Amino acid sequence: GVPARPGTGMYVKLTAPTAIALQGNDLLVVDSALGRLWRVDIGLNTLSGIAGAPAWPTTAVALGPDLSAWVLDAASHQVLRFARDGRLLQTFRGGSAAPAPAGLALTDGGATLLLADAVLGQWAELRSVGGGARPVRPVTPSGGGVAVDGIATAGETVFLLDRRAGLVHRVRRDGEVVDSLGVGELKQPVALAVDRLGRAFVHDAQDRAVKLLRPGRPTRVFESATLGVQQIGAIAVDERFLAVADRLTGQVAVFELRGEAGR
């Protein structure tokens, strides 16, 4: 159990964490079994709930530079942004550019929201509430499209998870696919997390492992047994830490990344 607030004497046990986001000592945890979104302070080992935030198996989350919580409510086709004190700040909708949002990412220092749409095979860029959503369809050098099952960013580079092909595509903001990672390495990729250094971490469900992909470097594999996790439910990463949620035990393990992203 984790203290709900310092001094309250109340404890909360996570049941089934299915999505997480990590930045420094701040960790967002979607517990879809309880239908709650929690903000965890890793340093103080305390958590607080975000009232009104959706917390379903399809919910995705991200942390902004100001540590605001961005929450994808896929069922309602919108993204909600909450302040650190839990206040609802903004509501974004992708409209026709993202009618079936499957993931979200932030870029331009948090000024631009990217909404991935797996059905249309594209992402939508939203820069302000009420503003138009600009669709971007990724295209390979040969002119073909790619699947957009997950999205992450590192600087101006967009990373897309392509589950069917078993690849992670590195894409320019204009949609041009630069290259693809994980060729012959990914068997059943289901989740993607990327840090600011451009290191791509992928949850491979078939191998029950987290795989680290970098251009021109061999793939590193962190098996769930090595991580002490029974069933990986979600992953998140920043420059210093890798967080792995265990949806069976209701725990989130945080590992320090050292040197070449070792544990």
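The values are calculated or read from the model by the stated rules, or taken from the named source; none is laboratory data. Every value quoted in this text rests on a predicted model; they were computed, and no experiment measured them. Glycine gets a Cβ as well: all are built from the backbone with ideal geometry, and neighbour counts include every protein chain shown. Remember, those area values only see protein heavy atoms, side chains included, never the ligands or the DNA or RNA. Shrake-Rupley method; radii C 1.70, N 1.55, O 1.52, S 1.80 Å.
See the values below:
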| item | result |
| --- | --- |
| Where a residue in segment 168-193 is more than 20 Å from residue 155 (Cβ to Cβ) and its partner, wherever it lies, is hydrophobic (A, V, I, L, M, F, W, C) and assigned to a loop (DSSP other than H, G, I, E, B), with Cβ under 7 Å and at least six apart | 188/205; 190/205 |
| Contacts under 9 angstrom Cβ, first residue in segment 75-91 being without any contact (Cβ under 8 Å) to a residue 60 or more places away in the chain and closer than 17 Å to residue 65 by Cα, partner open to solvent by less than 50 Å² (accessible area, probe 1.4 Å) and of a type in the set (Asp, Glu), 6 or more apart | 79/73; 80/73; 84/26 |
| Near pairs, Cβ below 9 angstrom, 6+ apart or cross-chain, from segment 138-166 (under 20 Å from residue 74 (Cβ atoms)) to any residue that is of a type in the set (S, T, N, Q) and in a loop (DSSP other than H, G, I, E, B) | 163/188 |
| Residue satisfying condition, being over 18 Å from residue 160 (Cβ atoms) and either within 17 Å of the chain's Cα centre (by Cα) or β-branched (Val, Ile, Thr) (or both), within set 208, 220, 247 | 247 |
| Candidate set from segment 207-262 (those that are over 19 Å from residue 30 (Cβ atoms) and among the β-branched types (Val, Ile, Thr)); member that is surrounded by the most Cβ atoms within 10 Å (Cβ to Cβ) | 219 |
| Output for segment 173-192, where each listed residue is crowded, with 20+ Cβ neighbours inside 10 Å and either under 14 Å from the mean Cα position of the chain (by Cα) or over 20 Å from residue 118 (Cβ atoms) (or both) | 189, 191, 192 |
| Candidate set from segment 219-240 (those that are among the polar types (S, T, N, Q) and outside any loop (DSSP other than H, G, I, E, B)); member that is nearest to residue 21 (Cα to Cα) | 224 |
| Subset of segment 193-206 that is open to solvent by 30 Å² or more (accessible area, probe 1.4 Å) and of a type in the set (A, V, I, L, M, F, W, C) - its residue that is farthest from residue 104 (Cα to Cα) | 205 |
